[in-house]
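The values are calculated or read from the model by the stated rules, or taken from the named source; none is laboratory data. Keep in mind that what you see is a predicted model, and the values were worked out from it rather than measured. Neighbour counts are summed over all protein chains in view; Cβ atoms, including those assigned to glycine, are modelled from backbone coordinates with ideal geometry.
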Amino acid sequence: MEYDVVLFVDSSIYGGIESHLVELAKLLQRKSVTCKILFYQDHGNQLFYNKLESCNIQFEFLEGTASSVISTFKTYSKHTVIHTHGYKAGIFGRLLCRYLRLRCVSTYHAGETGQGKVRLYNMLDKITACLSINFAVSNKIKNQLSQAEVLDNFVETTPLAECNGTYHHGNKLKVGFVGRLSYEKGPDRFIEIARCMADQERFEWHMFGGGMMDASLTIPDNVVAHGVVPSEDIWENIDVLCVTSRQEGLPMAILEAMNHGVMVISMDVGAISTVITHNLSGWIVPVYNVQQFSNKLKEITRMDPESLTMMKQYAHSVVAQRFSGHEQWNMLHEAYSGHCSNPIKVNG
């Protein structure tokens, strides 16, 4: 390959961006592209580091300073592509790549604007978008940028035979929240639904993830909070993924759930409706309403096993056909090679 790729990020938790980076690095490895993940600094995100090691993905740390970024970027050749993820890596990466005449590609993941300092960083992140070749994970995010193409999230598909078994009426329906505990992801909404259905003994409620709302959330007795755990420990332990987000791009959790035979019921936010076809590959709730979520979950417990199996098979086929990395690789290769439709000139 005529290039190598450095995936540049500042990561402190294991969330959607981190899941995306694992899948992206695995895709590059399958295409025989030399790549590594470069962390702005070590935040002690051990779960993520363990995942990278288990997938034989190379990674290294900078010191969390501008000087460490500059000195490291200066060692790269003109064949190195810097691919940034997240606002801090994006701002640093684009400015330095322009100065050092390196090719810079940025993926914009965040559908939310944030508050305070994060809001300011997100603004700077978008203002400097003119310095890179840009991808966005949804049309909504794309429309906030001066120039970008939509690059759907993707996963390495799992054979359907390895998927989660079909829910049976004799068992409790295990409902899960998977994601960052932040206002945008709506963990408080999930808790509200669980609390309102506390008298329904046919359901189990599980939360996976951590974040800034961790301390402020009051977890009811009928909800098990697992914290941040490896993804392989999630999908075998829930039947339904419940997405209660206020803002989204294209959540990795939805693709991973569909890939593992877990049903999805979701708010209609971000690009989710491009993945979930209501009543075919999952269920869409147009406006947040506890009763609508409650009614749909009760309806699932009354569905026959054949209908549930057909839905899982269809959902899995959607991921295999559109979100398995094939189309995404073609777009990435053009960007890394400098042949895409929104090129940034690199002198030298």
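What number of residues within region 120-143 are touching a helix residue (DSSP H, G or I) at 6+ places or on another chain (Cβ under 6 Å) and at pLDDT below 90?
Residues of region 120-143 touching a helix residue (DSSP H, G or I) at 6+ places or on another chain (Cβ under 6 Å): 121-122, 124-125, 128, 131-133, 136.
With at pLDDT below 90 added as a condition, the list becomes 121-122.
Total satisfying the criteria: 2.
Going residue by residue through region 169-179, is there one that turns out to be of a type in the set (A, V, I, L, M), within 29 Å of Leu21 (Cβ to Cβ) and surrounded by fewer than 16 Cβ atoms within 10 Å (Cβ to Cβ)?
no
For region 37-56, which positions are under 19 Å from the mean Cα position of the chain (by Cα) and within 21 Å of Ser77 (Cα to Cα)?
Ile37, Leu38, Phe39
Go through (1) among the charged types (D, E, K, R); (2) over 29 Å from Met213 (Cβ atoms); (3) modelled with pLDDT of 95 or more for Glu23 and report which single condition fails.
If we test Glu23 against (1) among the charged types (D, E, K, R); (2) over 29 Å from Met213 (Cβ atoms); (3) modelled with pLDDT of 95 or more, just (2) comes out false.
Looking only at region 7-15, decide whether some residue is small (Gly, Ala, Ser) and either crowded, with 21+ Cβ neighbours inside 10 Å or free of Cβ contacts under 8 Å to residues at least 24 places away in the same chain (or both).
Yes, some residue in region 7-15 is small (Gly, Ala, Ser) and either crowded, with 21+ Cβ neighbours inside 10 Å or free of Cβ contacts under 8 Å to residues at least 24 places away in the same chain (or both).
Is one or more of the residues making up region 294-304 touching a Gly at 6+ places or on another chain (Cβ under 7 Å) and in contact (Cβ under 8 Å) with a residue 60 or more places away in the chain?
No, region 294-304 contains no residue that is touching a Gly at 6+ places or on another chain (Cβ under 7 Å) and in contact (Cβ under 8 Å) with a residue 60 or more places away in the chain.
For region 138-151, indicate whether the set of residues that are crowded, with 20+ Cβ neighbours inside 10 Å, acidic (Asp, Glu) and either outside the structural domain of Ser182 (by TED's automatic domain parsing) or in a helix (DSSP H, G or I) (or both) is non-empty.
No, region 138-151 has no match at all.
Considering Arg103, Arg98, which residue is within 28 Å of Ser138 (Cβ to Cβ), out of contact with any strand residue (DSSP E or B) (no Cβ under 6 Å at 6 or more places or on another chain), buried (at least 17 other Cβ atoms within 10 Å of the Cβ) and assigned by TED's automatic domain parsing to the domain that holds Asn143?
Going through Arg103, Arg98 in turn, just one is within 28 Å of Ser138 (Cβ to Cβ), out of contact with any strand residue (DSSP E or B) (no Cβ under 6 Å at 6 or more places or on another chain), buried (at least 17 other Cβ atoms within 10 Å of the Cβ) and assigned by TED's automatic domain parsing to the domain that holds Asn143: Arg98.
Starting from residues that are hydrophobic (A, V, I, L, M, F, W, C) and over 20 Å from Gly90 (Cα atoms), keep the ones in region 1-27 and report whichever is nearest to the chain's Cα centre (by Cα).
Once the filter is applied, the top-ranked residue is Leu27.
Please report, ordered by residue number, the strands (runs of 3 or more DSSP E) entirely within region 1-68 with at least 1 residues that are in contact with a His (Cβ under 9 Å, 6 or more places away or on another chain).
Working: elements: 4-9, 35-39, 59-61.
Filter on region 1-68 gives 4-9, 35-39.
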